[in-house]
Amino acid sequence: MKAYFQLQLKMLHRHFRDFGVVPILAYPLLIISFLGFSTFLYTKLLESAVFVYCFIAITTLFKLGEKKRNDFLKSCFAQKKYFKIRLLENTFLVLPFILFLTYQKDFLCAVTLYVIILLLSFITFNPITSFTIPTPFSKKPFEFSMGFRNTFFIYPLIYWLTYKAIEVNNFNLGVFSLVLLFVVLISYYSKTEKSYYVWIYNKSPKEFLERKMKTAFIYAIFLSLPISIMLSIFFQKHISIIIVFQLACFIYFMQAIVAKYAAYPEQVPIPTWILIGLSIGFPPCILFTFPYLYSKSIEKLNTTLHD
């Protein structure tokens, strides 16, 4: 069992290096990012924060409960060791959430969350392979159809947050639901496809990127417009702010797509994410980061696509 966790640690360090960051620096960055995100939730969402926070914590465990993964573990370890591994993995992953809940004096929620992860240690998720979740998106491009099937359970939460924002008259919660939607959409473009799936397009790099962004823009409107409309109806005094956030989300969404191909065929490295984070923290920077990433993506795609 010790060898298993040592192997997982080595694999984690390899992922850090693939993203261009030294493991010894990755942990402080993760801690700072986690504390910043957690504090932001509690500051902006107020009484709704704890429910969103616990939901995020629980969803992080779904990947650990996949049937194929657990079948492999059962074939490698005796039942007693298998359950110990599941329990330790769940605990390690959710412990930061529990500690922050304790810091916020949400003791009941912290205990409840720990009980839930104990129960999830004995549960595996067995997808029904004969059933394909329908999506409102076509297979081209693949990002939205695949991404939607992997994250469909998040959409009810996002739209519920919008409803809750209207019910409790919390505008910040409504804006958060809009931003959360775009965070999910951006995650669809975090995985780099094989060169063949780019090469099959009989287009220049510029035309390829334009098609990608145009399709993503249309699908994003389809998903985000209900939120923006509802917020505009019930928070009419903040319509200008809603429009600004909507436009900003689209701009950063397009930048994320361009950033994906700026490193193609490799994964997006940490320095690129730092550039993106800089443009988010100081929006005028996007006037420089977007053209830079766009030119880099054209350069990278030239090796696969030709005019």
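The values are calculated or read from the model by the stated rules, or taken from the named source; none is laboratory data. The shown structure was predicted, so the numbers you read here are calculated from the model rather than taken from an experiment. Virtual Cβ from ideal backbone geometry, glycine too; neighbours counted across all protein chains shown. The area values use the complete protein model at the heavy-atom level, side chains included, leaving out ligands, DNA and RNA. Shrake-Rupley method; radii C 1.70, N 1.55, O 1.52, S 1.80 Å.
Show me the helices (runs of 4 or more DSSP H) found entirely inside segment 1-67 where at least 2 residues are farther than 29 Å from residue 176 by Cα and of a type in the set (D, E, K, R).
In segment 1-67, 2-18 are the helices (runs of 4 or more DSSP H) which contain 2 or more residues that are farther than 29 Å from residue 176 by Cα and of a type in the set (D, E, K, R).
Can you name the helices (runs of 4 or more DSSP H) wholly within segment 170-250 that have at least 2 residues being under 21 Å from the mean Cα position of the chain (by Cα)?
Helices (runs of 4 or more DSSP H) meeting the threshold: 171-187, 205-234.
Only residues in segment 109-121 that are under 22 Å from residue 66 (Cβ atoms) count as the first member; pair them with residues that are among the aliphatic types (A, V, I, L, M) and not in a helix (DSSP H, G or I), Cβ under 6 angstrom, at least 6 apart or cross-chain, and list the lot.
From residues that are under 22 Å from residue 66 (Cβ atoms), the pairs are 120/61.
What residue, of 2, 44, 67, 63, is of a type in the set (Lys, Arg) and surrounded by 13 or more Cβ atoms within 10 Å (Cβ to Cβ)?
Details: 2 fails: surrounded by 13 or more Cβ atoms within 10 Å (Cβ to Cβ); 67 fails: surrounded by 13 or more Cβ atoms within 10 Å (Cβ to Cβ); 63 fails: surrounded by 13 or more Cβ atoms within 10 Å (Cβ to Cβ).
Every option except 44 fails the conditions.
Considering only segment 265-292, state which residues are closer than 16 Å to residue 251 by Cα and open to solvent by 80 Å² or more (accessible area, probe 1.4 Å).
273, 278, 280, 282, 287, 288, 292, listed by residue number.
Looking at residue 81 and the list (1) touching a residue at least 24 places away in the same chain (Cβ under 8 Å); (2) surrounded by 12 or more Cβ atoms within 10 Å (Cβ to Cβ); (3) farther than 24 Å from residue 157 by Cβ; (4) touching a helix residue (DSSP H, G or I) at 6+ places or on another chain (Cβ under 8 Å), which single condition is not satisfied?
Exception for residue 81: condition (4).
For residue 162, work out the one condition from (1) in a helix (DSSP H, G or I); (2) open to solvent by 30 Å² or more (accessible area, probe 1.4 Å); (3) modelled with pLDDT of 85 or more it doesn't fulfil.
The single condition residue 162 does not satisfy is (2).
If you go through segment 219-231 one residue at a time, do you hit one that is closer than 23 Å to residue 40 by Cα, open to solvent by 30 Å² or more (accessible area, probe 1.4 Å) and among the β-branched types (Val, Ile, Thr)?
The answer is no; no qualifying residue exists.
For residues that are open to solvent by less than 30 Å² (accessible area, probe 1.4 Å) and not in a helix (DSSP H, G or I), scanning just segment 97-144, find the one that is modelled with the highest pLDDT. Steps first, please.
Step one: filter segment 97-144 for residues open to solvent by less than 30 Å² (accessible area, probe 1.4 Å), giving 97-98, 100-101, 110, 113, 117, 120-121, 137, 141, 143-144.
In the following step, the residues that additionally are not in a helix (DSSP H, G or I) were identified as 121, 137, 141.
On the way: 121: 83, 137: 63, 141: 63.
It comes out as 121.
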